[in-house]
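*Asks:* One structure follows; several queries about it will come next.
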Amino acid sequence: MIKKIAGGVLGVVVIGVGAIYASAYTNMGQKPNDEHKAQLTQSNQWGEDSFVNELPMVRGPLSEIFRQFVLEPTDHNRPQQDIPVETIGDRLNKLPESGARVTWFGHSTLLVEMDETRILIDPVWSKRASPLPWAGVERFYDPVIALEELPELDAVVISHDHYDHLDMETVQRLAQQQVQWIVPLGIGSHLEYWGVSKSSITELDWWQSTQVEETTVTATPSRHRSGRSVTFSDVNATLWAGWAFNGPEHSVYYSGDTGMHDRFEEIGDRLGPFDLTVIETGAYNPLWKDTHLGPEQAVLVHKLVKGKTMLPVHWGLFDLSSHNWTEPVERVKVAAEKYGVDVAIPLPGGSVEPGQVISTKAWWPKVPWKNAEERPIWATQVEDAVKRAKEMKGNPPHGVATPSS
């Protein structure tokens, strides 16, 4: 009898796991096949059987990471009230007066407009950043604009293949448009699997560029990882990257997801200075301090790449770590004031333009948060880069916004 019960329980578990896997299968995408993989192995970023970081990432035990995320939520990992958003109206149907504009739709979804060119970055319109449509990380608020209401796009850029940056449902909807896709090496396999025409996909290695009208789009070095499979069978099968957008009159830098590394100064020297830097600041933890920048290092990176105004992103939409949801932006404000950095913190749906004064009055609630001393996030093996950035305090750069008090 005991064996029968145990067998029944095991059967239910197997069926349940199988159902979950089947539900997530298409969303996990498709890793590069042998022919595609043979092309990827020519990259300097390729290791023995996958892409690797120039600086290895130190990470704590997965058991402790999982325990913190699941068993130690705080009262403020998610907003307790509705988040205000800025009404877009017909703003995006008119060209920016300055010639350049970046609109933040939440997390890392952005619209970059330069010299009549419109490029959508890391678009996520789904309810969840998860392989499952009915479970997993859920967004704090609905999309601030319907996907169909976006102006005509010239290109879509993806930084890497994690669920909060590469969203299958959004890709499938955009695949119906005639738009150019610009992605790091390997990600074209996911896109083709979901219905994007191969002829519409441009894969780039670090420092490679492609042209979108008059804007040069360049993949830049990053320190991160990739993978979508729930069985971890595709870890680092595709590359990750930051992006530089250089037009005739303006330039924008987007960090993508990255830990601190020693190539930011080179990015600034080769592709900067930048009117605006868009830098990830949230979803950090001392247990994975090489995976994401955290607020203080984000501000230092802004200085290393020669940015004028910084727009902090990768916060305020998904609960992806154990810190309170407002902590990243609170710490960015403190670090920006310390290092003389102009920072723009618009409402979701808000836009930033060069030469435009942006109010950084807090639109988020005041809730408890831990400062840099209480929860330090400093990457390994990059002490010299961090030191150089900290020594660059000097006079505040001329930008479009100033930190609020």
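*Asks:* At a 1.4 Å probe radius, which order do F66, F140 fall into by accessible area, largest first?
*Replies:* F66, F140
*Asks:* Where the only charges are on Cβ atoms (+1 Lys, Arg; -1 Asp, Glu), what is the dipole of the range 238-315 about its Cα centre, to the nearest 20 debye?
*Replies:* Charge dipole, the range 238-315, about its Cα centre: 80 debye, nearest 20.
*Asks:* Could I ask something else about it? Which of the helices in the chain meet the span-like rule: DSSP H, Cα axial reach of 30 Å or more, Kyte-Doolittle mean at least -0.5?
*Replies:* Going by DSSP H runs, the hits are 2-25.
*Asks:* Is the range 182-245 rounded, prolate or oblate when judged by the Cα gyration tensor, a ≥ b ≥ c being the square roots of its eigenvalues, rounded requiring a/c under 1.5 and prolate requiring a/b larger than b/c?
*Replies:* oblate
*Asks:* Tell me the mean residue ellipticity at 222 nm calculated for the chain from its helices only (DSSP H runs of n ≥ 4, each -39500 (n - 2.57), averaged over every residue, nearest 500). All intermediate terms of the calculation are to be shown ahead of the outcome.
*Replies:* Details: 9 runs with 92 residues, N = 405.
Calculated at 222 nm, the ellipticity per residue is -6500 deg cm²/dmol.
*Asks:* Still on this structure: Using modelled backbone amide H atoms (1.01 Å from N, in-plane), which distant-in-sequence or interchain residues come within less than 5 Å of G307's amide H?
*Replies:* HN-HN under 5 Å from G307: F274.
*Asks:* Within the range 130-178, list the GluC sites (Glu not before Pro) lying in a DSSP loop whose Cβ has at most 12 other Cβ atoms in a 10 Å radius.
*Replies:* E152
*Asks:* Identify which of L185, L204, L147 has the largest mean-square fluctuation in a Gaussian network model of the chain, with springs joining Cα atoms closer than 10 Å.
*Replies:* The residue with the greatest mean-square fluctuation here is L147.
*Asks:* On to the next question. Most fluctuating residue of A24, A237, A219 in a GNM of the chain with Cα springs under 10 Å: which is it?
*Replies:* The residue with the greatest mean-square fluctuation here is A24.
*Asks:* Among 40-49, 119-128, how do they line up by average Cβ neighbours within 10 Å per residue, starting with the highest?
*Replies:* Ranked by mean Cβ neighbours within 10 Å, highest first: 119-128, 40-49.
*Asks:* Would the range 35-181 count as rounded, prolate or oblate if I go by the C-alpha gyration tensor, calling it rounded below 1.5 in a/c and otherwise prolate when a/b exceeds b/c, oblate otherwise?
*Replies:* oblate
*Asks:* Let's test this: bin the Cα-Cα distances of the chain at 20 Å from zero up to the farthest pair and state each bin's percent.
*Replies:* Pairs per bin, as whole percents: 28, 60, 11, 1.
*Asks:* Let me ask something additional. Which of G195, P328, V85 sits farthest toward the positive end of the charge dipole of the chain, with +1 on the Cβ of Lys and Arg and -1 on the Cβ of Asp and Glu?
*Replies:* P328
*Asks:* Of E383, E373, which has the most accessible area with a 1.4 Å probe, and how do the rest follow in descending order?
*Replies:* E373, E383
*Asks:* Turning to a different aspect of this structure: From the C-alpha coordinates alone, can you work out the Kirkwood hydrodynamic radius of the range 127-244, in Å?
*Replies:* Value: 15.2 Å, from the Cα pair sum.
*Asks:* Once phi is turned into θ = phi - 60°, what whole-Hz ³J(HN,Hα) does the Karplus curve with 6.51, -1.76 and 1.60 give for every residue of the range 174-183, x standing for Gly and Pro?
*Replies:* 6, 4, 6, 8, 8, 9, 7, 10, 10, 9
*Asks:* A further question on this structure: With a ≥ b ≥ c taken as the square roots of the eigenvalues of the C-alpha gyration tensor of the range 260-405, please select rounded if a/c is under 1.5 and otherwise prolate if a/b is larger than b/c or oblate if it is not?
*Replies:* Because a/c hits 1.5 or more and a/b fails to exceed b/c, the range 260-405 counts as oblate.
*Asks:* Once the other residues with Cβ under 14 Å from the Cβ of T220 are scored (Lys, Arg +1; Asp, Glu -1), what is the net sum?
*Replies:* -4
*Asks:* How much area per residue is accessible in the chain when the probe is 1.4 Å and only protein heavy atoms are counted (Å²)?
*Replies:* Per-residue accessible area for the chain comes out at 44 Å².
The values are calculated or read from the model by the stated rules, or taken from the named source; none is laboratory data. A quick note: this is a predicted structure, and the numbers were derived from the prediction, not measured. Cβ sites come from the backbone with ideal geometry, for glycine too, and all protein chains shown count toward neighbours. Calculation scope for accessible area: heavy atoms of the full protein, side chains included, ligands and nucleic acids excluded. Shrake-Rupley method; radii C 1.70, N 1.55, O 1.52, S 1.80 Å.
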